[in-house]
1. Could you list, in sequence order, the residues of region 63-107 that are aliphatic (A, V, I, L, M) and either crowded, with 24+ Cβ neighbours inside 10 Å or part of a loop (DSSP other than H, G, I, E, B) (or both)?
2. Would you tally the residues in region 108-150 being outside any loop (DSSP other than H, G, I, E, B), under 20 Å from P211 (Cα atoms) and of a type in the set (G, A, S)?
3. Quick check on R447: is it surrounded by fewer than 19 Cβ atoms within 10 Å (Cβ to Cβ), outside the structural domain of E261 (by TED's automatic domain parsing), basic (K, R) and modelled with pLDDT of 85 or more?
4. Looking at region 394-416, is at least one residue loosely packed, with under 12 Cβ neighbours inside 10 Å, outside any helix (DSSP H, G or I) and modelled with pLDDT of 90 or more?
5. Would you check if there is a residue in region 552-574 being touching a residue at least 60 places away in the same chain (Cβ under 8 Å), under 30 Å from G249 (Cα atoms), of a type in the set (A, V, I, L, M, F, W, C) and assigned to a helix (DSSP H, G or I)?
6. What are the residues in region 258-289 that are out of contact with any helix residue (DSSP H, G or I) (no Cβ under 6 Å at 6 or more places or on another chain), in a loop (DSSP other than H, G, I, E, B) and small (G, A, S), if any?
7. Residue under question is V294, and the condition is that it be out of contact with any Pro (no Cβ under 6 Å at 6 or more places or on another chain), in contact (Cβ under 8 Å) with a residue 60 or more places away in the chain and either within 30 Å of R574 (Cα to Cα) or of a type in the set (D, E, K, R) (or both); does it hold?
Amino acid sequence: MIFACAVAATVPLAWKGNSCGHDFDFHLQSWMAVAQQWRHGVIDPHWIEGANYGAGEPRLVFYPPFSWMLGALLGSILPWNVAPVAFTLVVLTACGFSMDRLASEWLPANAAALAACAYILNPYALFVAYERTAYGELAAGIWLPLIILYALKGARSQGVLVAFAVREKPNPANEGGTNCDMPRRSACRGPRSAMTQLALAIAAIWLTNAPAAVMASYTVAVATLWIAMERREWRPILPVAAGLILGLGLAAIYIVPAAFERRWVDIARAIDPGMRIADSFLFEHTGEPYHDQVLRTASWIFAVLLAAIAVSSGIAWKRRSPRSLLVPLLAVAAVLFALQLPWSRFVWNHAPELRFLQFPWRWSLVLSIVLSISLGLALKIPTGNQLKKSFALQITLILGAAIALASVGTHLFWQLCDEEDAVSAQLAVFRAGSGFEGTDEYTPFGRDNSLIQQGLPAVRALKNADAETANPVDSDNSEQQNPAYVASPQDQLPALIKAQIWQPESKAFTVTTQSPAYAVLRLMDYPAWRVKVDGAEIRQRPHREDGLMAIPIHSGSTHLEVAYAATRDVLWGRSLSFVSLLVLLALGAARRKRRALGYYD
């Protein structure tokens with residue numbers, strides 16, 4: 001049923017074609033660039049060569065790797081126009097099984113599967129998959145239910161998780177007091193097991209989507225504090241805190257470079273007007289039509305989720321579903337609703353990293369989990385012989401609902417591709433090597449990527465490092481960020497340029513001139529580039545306003561090498577991840593030893 005619901009949500013993409021949503025270009029370009037780097041033997045790429053019209057940008061340093069690695073893998077084995085469809089199907093299926101794993105702790109198997117289908121087909125998931133095509137955030141939905149599950153497991157001292165719904169029975173054979181009489185064997189696993197599972201899930205979400213990882217971290221912290229205050233003891237906090245720290249350590253290979261190198265780029269552009277929290281509270285109006293239209297859609301989705309939670313929780317309450325579970329669910333919904341209102345601005349502005357969520361309605365991802373569980377609690381699910389008799393009816397109703405919801409979602413959220421946005425057009429641009437517009441927040445600090453000219457040669461020899469050799473020729477293009485240009489020869493010197501290597505992260509070439517000059521590369525300068533001139537490393541390079549790399553050269557023949565190198569922050573990140581992995585393996589070995597001795601943990 002879970003797979004069938006994922007197929008129902010994906011079939012419209014195969015039938016109507018890819019939905020060219022808000023971030024479709026961004027992700028497809030990244031996937032193609034990564035696949036190209038893999039063909040060049042670069043397993044862990046950092047640089048998107050085609051961005052900024054061939055000058056590139058360090059996008060892969062800051063955008064977590066899971067989505068672009070999965071997309072590049074699918075694009076390497078499938079046609080590129082099929083890769084987004086396959087990505088959506090794989091991710092939604094995984095989201096369903098993850099939600100089923102969480103819901104199964106409180107619900108019978110068929111009700112848990114229903115909750116999983118609701119998680120796949122809820123309006124926010126379809127909005128993200130179709131209108132936003134925010135593939136990283138969509139993939140983060142895989143890990144969030146698991147994080148909540150393992151955080152609750154880790155926080156329990158004597159079976160807190162299962163005590164929500166079932167009275168606990170101590171097992172005298174287990175001296176640690178872990179509950180092992182529960183139907184699910186997973187309930188028998190103690191805090192150490194849950195801690196390692198939580199660490200893996202935390203690492204996974206940080207390697208998938210940073211805003212979702214921030215939301216997950218806050219969700220885990222609040223849930224753990226709730227349990228600690230309810231039980232009036234601090235022991236539940238320890239395994240969860242340890243799991244969080246270990247998970248951050250495992251993901252340090254991404255987190256440390258992204259956090260450290262933020263000072264090298266203009267990351268504040270990510271929260272420019274229109275992208276700020278204050279501009280996106282529930283049903284806010286900024287006067288910018290496109291922003292307001294998206295906000296209106298997201299606001300209605302949030303309102304629909306809240307209404308559905310209220311109705312399903314009311315039904316579950318009347319049916320005497322466990323109130324120790326319903327109350328926390330309703331409390332979470334209330335807190336998330338409060339965060340959508342302007343008076344919560346103080347929290348958004350002062351809570352660490354929270355403002356980089358950009359949009360308060362991103363919390364709909366967490367709210368959809370509340371909806372899925374409340375729906376599972378509300379519906380009266382038959383069991384035993386009654387289940388066998390009504391099985392066909394259940395299957396029919398769920399499939400019918402899946403098809404209906406997918407159809408409505410497609411009608412509301414599917415985005416028609418413009419001619420230049422279509423996969424075939426983007427693939428043609430990528431193969432031509434002309435490049436595409438860059439991402440503002442990944443522009444090196446103090447540079448203006450809007451000044452980068454289109455159609456520049458790979459290397460030019462200029463009299464002055466900051467000289468311009470081109471001027472705009474089409475005044476009708478003045479509204480475009482990067483209009484077309486033609487060369488102006490007054491500052492350019494004649495030069496013979498021979499390239500030996502010209503790959504995205506490695507370049508070697510020789511420039512021959514009759515007088516000293518500056519070799520200006522069609523390459524955005526960035527501190528991670530290591531430049532050698534005739535074998536000697538050049539650390540200080542001239543500044544250009546457009547951010548292109550300028551290297552001083554002498555008269556005659558000059559050999560230059562430019563390579564992307566691992567900076568200290570990258571080495572620190574790798575070291576922390578390696579140490580964290582050793583700790584994780586040690587914990588796993590200790591757990592296996594205890595199980596061999598007859599203990600679960």
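1. Of everything in region 63-107, those that are aliphatic (A, V, I, L, M) and either crowded, with 24+ Cβ neighbours inside 10 Å or part of a loop (DSSP other than H, G, I, E, B) (or both) turn out to be L78, V82, A83, V91, L92, M99, L102, A103, L107.
2. Summing the residues that are outside any loop (DSSP other than H, G, I, E, B), under 20 Å from P211 (Cα atoms) and of a type in the set (G, A, S) in region 108-150 gives 5.
3. no
4. Yes: region 394-416 contains one or more residues that are loosely packed, with under 12 Cβ neighbours inside 10 Å, outside any helix (DSSP H, G or I) and modelled with pLDDT of 90 or more.
5. Checked region 552-574: at least one residue is touching a residue at least 60 places away in the same chain (Cβ under 8 Å), under 30 Å from G249 (Cα atoms), of a type in the set (A, V, I, L, M, F, W, C) and assigned to a helix (DSSP H, G or I).
6. Matches in region 258-289: G287 only.
7. No; evaluated as a whole, the condition is false for this residue.
Yes/no matrix, rows are residues, columns are (1) touching a Gly at 6+ places or on another chain (Cβ under 7 Å); (2) at pLDDT 50 or above; (3) of a type in the set (A, V, I, L, M, F, W, C); (4) closer than 22 Å to E353 by Cα:
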residue	(1), (2), (3), (4)
N179	yes, no, no, no
P191	yes, yes, no, no
V214	no, yes, yes, yes
L225	no, yes, yes, yes
A242	no, yes, yes, yes
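The values are calculated or read from the model by the stated rules, or taken from the named source; none is laboratory data. Nothing here was measured: the structure is a model prediction, and the numbers come from that model. Cβ sites come from the backbone with ideal geometry, for glycine too, and all protein chains shown count toward neighbours.
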